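S.K.: My questions all concern the structure below.
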Amino acid sequence: MEHFGQLYIDGEWVAPSGDGTRTLIDPTSEEPWATVGSGGGVADVDRAVAAAKRAFVSYSKTSADERIALIDRIIAAYERREAELAHLIAREVGVPVSFKAQVSGPAGHMKVARDLIRTYAFEQRLAETIVRREPIGVCALISPWNWPIQTSVIKVIYGIAAGCTMVLKPSDASPVSGVALAEVMDEAGTPPGVFNLVIGRGSVVGDALSRHPDVDMISFTGSTGAGAKVGEAAARTVKRQCLELGGKSANIVLTDGNLQKAARWNIQRGFSNTGQSCHAPSRLLVHESQVEDILPFLVDEIGRMRVGDPRDPATTHGPLVHAQQFDSVQNHIRTGLEEGGRLVTGGLGRVDGFDRGFFCKPTVLADVTRDMTLAREEIFGPVLVVMPYRTEEEALDIANDSVFGLGGYVFSEDRKRGYEFASGLRAGRVSYNGANTNSLTPMGGYKQSGVGRSMGVFGLEEYLEVKSVYGFEEEAHALPPHV
């Protein structure tokens, strides 16, 4: 078995301050495949933050052209390893190699950030005053396991583009993805201290980063419960927080919507990544007169899925990430049945034909009402609930009746009707008739789905502070106006 025992601090691979190793389990075979050092602790966080703070003095003064050159080197180093990274996350968290967005997407996000700072006005004129946007400082980045490389890359690359320095803590469930990203940053010649990697438990490393007085901004992606703890700890030093948290997104099919298209898209989008996506449309709202009409399309689309070894290019859906997640999804399905949900397909247990691996049956339950557990809690697995509504007003009320507000989806053949309904959804991203999102536009949530935005200009500005400079009226005239 391979062993990943080192941290990356100040441009060097170093041993953690503590001892101990942890075994990583392949979610497909349930067999050990690697060990990782588990000794990362508060002392390592202090070392990494100190390195980032020293590096910030010079890196924050680099020009946009210098940062663009660095990003170009990172892109080149990353793209050389894409095939290797695809097989790594297949083994580490069960993502199928066929799900190319997981590894091809990050390079695209890097290019968006690079191109953005070619033209971004870090200085602007407003009321005869110079308004500057400057790098905020040392950033703590805590990434999740469900998009282990892409989420980390988005956080890192916008910090790099802004002129910040950083400490990355990958998820406990996907630490080797973090190691691989550190190798890319090292190969690209990232200046020492600009990027640092500390592996360790969230309750130790994550907590220390959240509380650290020399960390100026924290970007966290994960569950709402964990995000609340991060936010509470970070508030003690009044640092900026960017939190992308849980979701329970609704897909509302209006009465004139294409039922077949809506159903097939819902399964494709909601069950991709084995349902382990915070934006997954996990609530399907259908008019009460059309529920029975849409169910066969859902079942048929599930029948087209190919569940299997994520390293097989023909596999479309792999296992859940680990035993705890499998058990959690099973408990949710059981609760849904006990509370009166009608099983349409799937159910408890492993996918037929699998006696090993965390392969959950793709499941659809109908007759789910807003008061049921499955309508309110994030399941994070291939489970869809179908909920009836009587009027559009009731549909909007049900869709918004959630502590979450990350994503929303609307199907209608009438664009005006669809837009008006979409405008009423309290969610950070809304797609009409399955429209694709893009990496130029902001991602984030309303309510308990988070604070702040990532990607594009909104994501860049999370890493920037705003400064007004008075008394330089002539210089201000040479700058573009604030827009």
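Any read-out appearing in this document is the output of simple, stated calculations on the displayed coordinates, not a laboratory observation. If you're wondering where the values come from, they're calculated on a predicted model, not measured in any experiment. No Cβ is skipped: glycine too gets one built from the backbone with ideal geometry, and neighbour counts run over all protein chains shown.
S.K.: Just to verify a number: FRET efficiency for GLN124 and ALA83, C-beta to C-beta distance, R0 = 45 Å, to 0.05? Mind showing how you got there, number by number?
M.R.: Working: r = 43 Å, r/R0 = 0.95.
So the FRET efficiency works out to roughly 0.60.
S.K.: Right, next: Rank these for me by crowding, ILE218, ILE117, ILE25, going from fewest to most other beta carbons within 10 Å.
M.R.: Numbers: ILE218 26, ILE117 21, ILE25 17.
Fewest to most other Cβ atoms nearby, the residues stand as ILE25, ILE117, ILE218.
S.K.: Got the relative contact order for the chain handy, in percent, Cα pairs under 8 Å and 6 or more residues apart? The partial results should precede the final answer.
M.R.: Numbers: 1117 pairs, mean separation 90.8, N = 483.
With pairs under 8 Å counted, the relative contact order is 19 percent.
S.K.: Separate question: Note the angle between two axes, namely the Cα long axis of helix 101-119 and the longest principal axis of the Cα atoms of the chain, as a number of degrees from 0 to 90, rounded to the nearest 10.
M.R.: It is inclined by approximately 40 degrees.
S.K.: Starting with the fewest neighbours, write out VAL198, VAL351 ranked by other beta-carbon atoms found within 10 Å of each beta-carbon. Walk me through the intermediate numbers first.
M.R.: Numbers: VAL198 27, VAL351 17.
Going from sparsest to densest Cβ surroundings: VAL351, VAL198.
S.K.: Let me ask something else about it. So which of LYS100/LYS261; LYS100/LYS416; LYS155/LYS229; LYS53/LYS111; LYS100/LYS248; LYS61/LYS229 end up more than 29 Å apart, counting from Cα to Cα? Can you show the working numbers first?
M.R.: Numbers: LYS100/LYS261 23 Å; LYS100/LYS416 34 Å; LYS155/LYS229 20 Å; LYS53/LYS111 26 Å; LYS100/LYS248 24 Å; LYS61/LYS229 33 Å.
Violating the 29 Å limit, Cα to Cα: LYS100/LYS416; LYS61/LYS229.
S.K.: Return the whole-Å distance between the Cα centroid of region 396-438 and the Cα centroid of region 1-43.
M.R.: Spelled out, the Cα-based centre of one part sits 42 Å from the other.
S.K.: Bin all alpha-carbon pair distances of region 249-432 at 5 Å intervals from 0 and give each bin's fraction as a whole percent.
M.R.: P(r) over region 249-432, rounded to whole percents: 1, 9, 18, 22, 21, 15, 8, 4, 1, 0.
S.K.: State, as an integer percentage, the relative contact order of region 410-464 based on alpha-carbon contacts under 8 Å between residues 6 or more apart. Could you put the intermediate results ahead of the total?
M.R.: Details: 63 pairs, mean separation 13.7, N = 55.
After rounding, I find 25 percent.
S.K.: Hey, another quick one. What number do you get for region 273-364 when its Cα radius of gyration is normalised by 2.2 N^0.38 Å, N = residues? Write down the numbers at each step before the final one.
M.R.: Numbers: Rg = 13.9 Å, N = 92, 2.2 N^0.38 = 12.3 Å.
Region 273-364 yields a ratio of 1.14.
S.K.: Could I ask something else about it? Rg and Dmax in Å for region 307-408, alpha carbons only: what are they?
M.R.: Considering region 307-408 through its Cα atoms, Rg and Dmax are 15.1, 46 Å.
S.K.: May I pose another question? So what is the relative contact order of region 249-432, in percent, for Cα pairs below 8 Å that sit 6 or more residues apart? Numbers along the way, then the final one.
M.R.: Details: 350 pairs, mean separation 51.4, N = 184.
Taking the mean separation of contacting Cα pairs over the length of region 249-432, I get 28 percent.
S.K.: Treating the beta-carbon of each Lys and Arg as +1 and of each Asp and Glu as -1, no other charges, what is the dipole magnitude of region 1-146 about its Cα centre, to the nearest 20 debye? Let's see the in-between values first.
M.R.: Details: 17 positive and 20 negative charges, 132 e Å.
The dipole of region 1-146 has a size of about 640 debye.
S.K.: Let me ask you something else. In nm, what is the difference between 0.36 nm times the number of residues separating LEU337 and ASP46 and their Cα-Cα distance?
M.R.: Details: separation 291, 0.36 × 291 = 104.76 nm, distance 4.85 nm.
Extra length from LEU337 to ASP46 when fully extended: 99.9 nm.
S.K.: Over what distance in Å are the Cα centres of region 60-86 and region 131-163 separated?
M.R.: 14
S.K.: Next question, about the same structure. What translational D, rounded to a whole number of µm²/s, comes out for region 188-285 from Stokes-Einstein when the hydrodynamic radius is the Kirkwood one over Cα pairs, at 10 °C and 1.306 mPa s?
M.R.: Working: Rh = 16.4 Å.
Roughly 97 µm²/s, to the nearest whole number.
S.K.: Have a look at the DSSP beta bridges in region 249-432 and tell me what percent are antiparallel, nearest 5. Please report the intermediate quantities before stating the final value.
M.R.: Working: 4 of 26 bridges.
So the antiparallel bridges amount to about 15 percent of the total.
S.K.: Rank these for me by crowding, LYS416, LYS169, LYS361, going from fewest to most other beta carbons within 10 Å. Please list the in-between numbers first.
M.R.: On the way: LYS416 8, LYS169 28, LYS361 21.
Taking fewest neighbouring Cβ atoms as first place, the list is LYS416, LYS361, LYS169.
S.K.: At 0.36 nm per residue, and after removing the present C-alpha to C-alpha distance, how many nm does the segment from ASP72 to ASP256 gain when stretched out fully? Display every interim value, and only then the final one.
M.R.: On the way: separation 184, 0.36 × 184 = 66.24 nm, distance 4.72 nm.
So the chain would gain 61.5 nm between ASP72 and ASP256.
S.K.: Counting pairs of Cα atoms in the chain, how many percent are more than 30 Å apart? Walk me through the numbers on the way to the answer.
M.R.: Numbers: 55690 of 116403 pairs.
For the chain, the fraction of Cα-Cα distances above 30 Å is 48 percent.
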